[in-house]
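Visitor: Sharing a structure below in structure tokens format, with a few things to ask.
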Amino acid sequence: MTATARDPFSPQEIAAEGLKPEEYAEIVRRLGRHPNKAELGMFGVMWSEHCCYKNSRPLLKQFPTTGPRILVGPGENAGVVDLGDGLQLAFKIESHNHPSAVEPFQGAATGVGGILRDIFTMGARPIALLNSLRFGSLEDAKTQRLFTGVVAGISHYGNCVGVPTVGGEVYFDAAYSGNPLVNVMALGLMETPEIVKSGASGLGNPVLYVGSTTGRDGMGGASFASAELTDASIDNRPAVQVGDPFLEKSLIEACLEAFKTGAVVAAQDMGAAGITCSTSEMAAKGGVGIEFDLDKIPVRETGMVPYEYLLSESQERMLFVAHKGREQELIEIFQRWGLQAVVAGTVIAEPIVRILFQGGVAAEIPADALAENTPLYHRELLTQAPEYAQKAWEWTADSLPDCTIAGIEIGGSWHSWSEILLTLLDTPSIASKSWVYRQYDHQVQNNTVILPGGADAAVVRLRPLEGVQNNSNSAVAATVDCNPRYVYLDPYEGAKAVVAEAARNLSCVGAEPLAVTDNLNFGSPEKPIGYWQLAEACRGLSEGCRELATPVTGGNVSLYNETFDSEGNPQPIYPTPVVGMVGLIPDLSKICGQGWQGVGDVIYLLGLPIIPNPKSKIDLGASEYLAAIHGTVAGKPPRVDFDLERRVQQACREGIRAGWVRSAHDCAEGGVAVALAESCLAGNLGAMIDLDISANVSQRFDELLFGEGGARILISVASEQQEIWESYLQEHLGSEWQKLGTVVSANEGLAILAADNYRLIKVSIEEMSDRYFHAIGKRLAIHSTTSES
């Protein structure tokens, strides 16, 4: 381990570990010598963006992270919030993007397994999963392979492990053609008396390795996740882990049983960077060291060397620090569940990670150098928006074809507004995701209150805990959201809109938004545009979370989401900061979904009215209509008015809790017209909408029908509650609401009328249903038929 006269590693070998020449020089300086191969690998994974956030950490410091309900914030395996009545919720979101691009089934499956371990490592029983997925165009054969593989992987692991997948989102855009995004969020209810932390303590305490065996699968996965994808990335299949959900189910039960004994001092999931990460993070957080013997580790392959042990990302493994003298008690629990459990190390006073192998020292590194005192890059921010954004902001609706009350001419063909609506409902990003969620078991554990597709957020019943006196009838709501086109066109405003929409979705089921976990999916921060997008989006997220009082409890950063084509040109994804938000429903009997409930109910729009108003005009910038119908990605996304958002969301929640509001649905992609159609389809009832707009109105009809933004929520109220509801709205929202019409029978369909009863839109439930529910399956079937022929 002494320094040699020459550098023991070539520049190519150093680069292969994901390290820059100046980072290698810093390693040599810190160690006072050159590292050996195992140590080089340890630094490579721990100094990767995936593990140490060296480009993003300075930006993350601006996030609000404290609040009256926050029990555990960033820095642990998951955040924890206080739900009251003795109940505590752990939750977290993480990505598995690069593995899913190379091996979609296992990449997605192990993404589920990894996020579940983050939850039960805290002492919480997993109660729900959500996912946020992005793919290229569904017309493309490669996208279809990735899409079907990812969905199959998520359903396989979640269904087998027995945790319901209760919600999520799926977007399709060419920007994700070579680099899909797979973000998975998990929720868990604390079962242990104390929250289990990850900092090691107690000199002489034994360190236990528990769970599955170690093999060569997942080698260097953290470094792989911190590099751009190339045509050669298919060769990195060994960097994709292989999961076993049945073993993980046993691991959940064994860990929770072990935690309840009080014999566990600290626990850490072996996720990215495996043994290297778990030993160094536990030591660094506790201000101690760990000596760890690789010869004690149960293996599934022979002939492994320290480099392979330390960088393996074999799944379903954990590291415990136990109270001395109680290790056998823990070992017997894991053995009873058919799992490995061995004492493989000891907590030591010297703050180092010392790895032993075959009687010698295989690696010895200060724990802080691996886990805390890692490189940080403060990059220069562009002083003005890049050219692509400035050019996009110049767009105005004047460049679109003229439209009339009857419709619009596009490319020489005339389209009625009814046809436009049906086309939007057939767009995969808007259409029903039933093809996806029907493959997930969303009712296992029997606590899923609203099924996928039924509301803007998932609702999960909070069951009473053993030993906790809890007579409440509360529930937790959760959602994952991001409109990446908004963020691409204006990262700051777009990111604020992400937070606002997530809170709006929770409010639509009657939940009070509590806290956020975020997944920042971006391109390379080393490029000025990529860093500008990341920095501006973080600024927007921070402001949004402060404005809506939803602190950030943790999350994940996934950078270098770029694909190099065969000519070596980088193709970055849209900047995609996904927000996972949780909310509290105090009374489970006071919730609602998005579908109409009864004929004769009165329909209202909360937020900016459709009635043209020059001061608060809704336009088509960044809209789904502009992209899907006109093939244009341009304009500015809607600006968020947080004062209006707070008042609209509060009105919606109060209306639900008072029993006035019978359905609520956020107006998002596709604007009011699409939201009306979705409420019709969810409730299998029609709607008669009277906008009372004349043919010569000053605003474009497509802006009125399909414009987005305005903090809008579509709600329905029983006719007998109309007077008290309108009185409430007048008091709390002033002029920022509008009565739209009434719910009618299914055979009357959706009719949107202008002045003099002119039908802007008239479509049947059958027409909408055919487009909306079959859009994804139809495209997959067409490809399957083409392939077979």
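Visitor: Let me spell it out: the conditions are (1) buried (at least 24 other Cβ atoms within 10 Å of the Cβ); (2) more than 30 Å from Ala152 (Cβ to Cβ); (3) at pLDDT 95 or above, and Gly79 meets all of them except one. Which number is the exception?
Guide: (2)
Visitor: Please pick out the residue among Asp368, Asp398 that is over 30 Å from Glu766 (Cα atoms), open to solvent by 70 Å² or more (accessible area, probe 1.4 Å), in contact with a Ser or Thr (Cβ under 9 Å, 6 or more places away or on another chain) and charged (D, E, K, R).
Guide: Working: Asp398 fails: in contact with a Ser or Thr (Cβ under 9 Å, 6 or more places away or on another chain).
On inspection, the qualifying residue turns out to be Asp368.
Visitor: Condition first: modelled with pLDDT of 95 or more, of a type in the set (S, T, N, Q) and touching a Pro at 6+ places or on another chain (Cβ under 9 Å). Now tell me which residues in the range 37-76 satisfy that.
Guide: Scanning the range 37-76 gives Thr65, Thr66.
Visitor: Residues of the range 620-632 being outside any helix (DSSP H, G or I) and crowded, with 20+ Cβ neighbours inside 10 Å, which ones? First the steps, then the outcome.
Guide: Initial filter on the range 620-632 (outside any helix (DSSP H, G or I)): 620-623, 631-632.
Listed by number, the residues that qualify are Leu620, Gly621, Ala622, Ser623.
Visitor: Mind checking which residues of the range 383-427 are touching a helix residue (DSSP H, G or I) at 6+ places or on another chain (Cβ under 6 Å) and within 19 Å of Tyr486 (Cβ to Cβ)?
Guide: Pro386, Ala392, Leu424, Thr427
Visitor: Oh, and also: Would you pick out the residues in the range 719-742 that are among the acidic types (Asp, Glu) and either modelled with pLDDT under 95 or farther than 16 Å from Trp660 by Cα (or both)?
Guide: Taking the range 719-742 first, the residues among the acidic types (Asp, Glu) are 720, 723, 726, 731, 736.
Listed by number, the list holds a single entry, Glu736.
Visitor: Out of everything in the range 6-38 that is open to solvent by 80 Å² or more (accessible area, probe 1.4 Å) and among the basic types (Lys, Arg), what residue ends up being nearest to Pro306 (Cα to Cα)?
Guide: Only one residue tops the list, namely Lys37.
Visitor: If you scan the range 82-120, which residues turn out to be surrounded by 24 or more Cβ atoms within 10 Å (Cβ to Cβ) and among the aromatic types (Phe, Trp, Tyr)?
Guide: Phe91, Phe120
Visitor: Now a separate question. In the range 522-532, is there at least one residue being of a type in the set (Phe, Trp, Tyr), in a helix (DSSP H, G or I) and crowded, with 20+ Cβ neighbours inside 10 Å?
Guide: So in the range 522-532, the residues of a type in the set (Phe, Trp, Tyr) come out as 522, 531-532.
Cutting the leftovers down to in a helix (DSSP H, G or I) gives us 531-532.
Within this subset, residues satisfying the condition of being crowded, with 20+ Cβ neighbours inside 10 Å are 531-532.
For the range 522-532, residues of a type in the set (Phe, Trp, Tyr), in a helix (DSSP H, G or I) and crowded, with 20+ Cβ neighbours inside 10 Å: present.
Visitor: Continuing with the same structure: Show me the helices (runs of 4 or more DSSP H) found entirely inside the range 415-513 where at least 2 residues are aromatic (Phe, Trp, Tyr) and farther than 24 Å from Leu129 by Cα.
Guide: On the way: elements: 417-425, 434-437, 484-489, 491-507.
The helices (runs of 4 or more DSSP H) meeting that bar are 484-489.
Visitor: Being open to solvent by less than 40 Å² (accessible area, probe 1.4 Å), modelled with pLDDT of 60 or more and among the aromatic types (Phe, Trp, Tyr), is that true of even one residue in the range 247-262?
Guide: Within the range 247-262, one or more residues are open to solvent by less than 40 Å² (accessible area, probe 1.4 Å), modelled with pLDDT of 60 or more and among the aromatic types (Phe, Trp, Tyr).
Visitor: Looking at the range 685-727 only, could you name the residues that are of a type in the set (Phe, Trp, Tyr) and open to solvent by 30 Å² or more (accessible area, probe 1.4 Å)? First the steps, then the outcome.
Guide: Step one: list which residues in the range 685-727 are of a type in the set (Phe, Trp, Tyr), which gives 701, 706, 725.
Within the range 685-727, no residue meets the criteria.
Visitor: Among the candidates Gly162, Gly123, Gly168, Gly204, which residue alone is on the phi > 0 side of the Ramachandran plot and open to solvent by 30 Å² or more (accessible area, probe 1.4 Å)? Quick ask: steps written out before the conclusion?
Guide: Working: Gly162 fails: open to solvent by 30 Å² or more (accessible area, probe 1.4 Å); Gly123 fails: open to solvent by 30 Å² or more (accessible area, probe 1.4 Å); Gly204 fails: open to solvent by 30 Å² or more (accessible area, probe 1.4 Å).
One residue alone meets the criteria, Gly168.
Visitor: Can you tell me which of Arg653, Arg662 is modelled with pLDDT of 95 or more, open to solvent by 10 Å² or more (accessible area, probe 1.4 Å) and not in a helix (DSSP H, G or I)?
Guide: Arg662
Visitor: Still on this structure: Restricting to the range 543-560, what's the tally of residues that are assigned to a helix (DSSP H, G or I) and open to solvent by 10 Å² or more (accessible area, probe 1.4 Å)? Write out each step before concluding.
Guide: In the first step, residues of the range 543-560 are kept if they are assigned to a helix (DSSP H, G or I); the result is 543-547.
Filter again for open to solvent by 10 Å² or more (accessible area, probe 1.4 Å), leaving 543, 546-547.
Qualifying residue count for the region: 3.
Visitor: Of everything in the range 404-446, what is open to solvent by less than 30 Å² (accessible area, probe 1.4 Å) and more than 30 Å from Gly158 (Cα to Cα)? Give them in sequence order.
Guide: Ile405, Gly407, Ile408, Trp417, Ser418, Ile420, Leu421, Leu422, Leu424
Visitor: Taking interchain pairs and intrachain pairs at least six residues apart, which have beta carbon atoms under 6 angstrom, with the first residue in the range 303-322 and closer than 12 Å to Glu39 by Cα and the second hydrophobic (A, V, I, L, M, F, W, C) and assigned to a strand (DSSP E or B)?
Guide: Pro306/Phe357; Pro306/Ala362
Visitor: Give Ser694, Ser716, Ser679 a once-over and let me know the one that is touching a residue at least 12 places away in the same chain (Cβ under 8 Å), hydroxyl-bearing (Ser, Thr, Tyr) and assigned to a strand (DSSP E or B). Show your work before the answer.
Guide: Values: Ser694 fails: assigned to a strand (DSSP E or B); Ser679 fails: assigned to a strand (DSSP E or B).
None of the other options fit; the residue is Ser716.
Visitor: I'd like the full set of residues that are in a loop (DSSP other than H, G, I, E, B) and either without any contact (Cβ under 8 Å) to a residue 12 or more places away in the chain or out of contact with any Ser or Thr (no Cβ under 9 Å at 6 or more places or on another chain) (or both), limited to the range 737-757.
Guide: Of the residues in the range 737-757, the ones in a loop (DSSP other than H, G, I, E, B) are 745, 749, 754.
Hit for the range 737-757 is Ser745, nothing else.
Visitor: Within the group Asn521, Asn561, Asn505, Asn483, which residue is at pLDDT below 95 and not aliphatic (A, V, I, L, M)?
Guide: On the way: Asn521 fails: at pLDDT below 95; Asn505 fails: at pLDDT below 95; Asn483 fails: at pLDDT below 95.
Criteria check complete, one pass: Asn561.
Visitor: Would it be correct to say that Thr517 is in a loop (DSSP other than H, G, I, E, B), open to solvent by less than 20 Å² (accessible area, probe 1.4 Å) and polar (S, T, N, Q)? Walk me through it before giving the result.
Guide: Details: in a loop (DSSP other than H, G, I, E, B): no; open to solvent by less than 20 Å² (accessible area, probe 1.4 Å): yes; polar (S, T, N, Q): yes.
The answer is no for Thr517.
Visitor: A follow-up question, please. Taking Thr563 as the residue in question, decide whether it is crowded, with 24+ Cβ neighbours inside 10 Å and out of contact with any Asp or Glu (no Cβ under 6 Å at 6 or more places or on another chain). Before the answer, list the steps.
Guide: Working: crowded, with 24+ Cβ neighbours inside 10 Å: no; out of contact with any Asp or Glu (no Cβ under 6 Å at 6 or more places or on another chain): yes.
No, not satisfied.
Visitor: Follow-up question, since we're still on this one. Among the residues of the range 130-159, count how many are free of Cβ contacts under 8 Å to residues at least 60 places away in the same chain and either open to solvent by 10 Å² or more (accessible area, probe 1.4 Å) or within 30 Å of Lys260 (Cβ to Cβ) (or both).
Guide: The number of residues fulfilling the criteria is 5.
The values are calculated or read from the model by the stated rules, or taken from the named source; none is laboratory data. Computed from a predicted model, the values in this text were never measured in an experiment. Ideal geometry is used to build each Cβ from the backbone, glycine not excepted, and the neighbour counts take in all protein chains shown. With ligands, DNA and RNA removed, areas are computed over all heavy atoms of the protein, side chains included. Shrake-Rupley method; radii C 1.70, N 1.55, O 1.52, S 1.80 Å.
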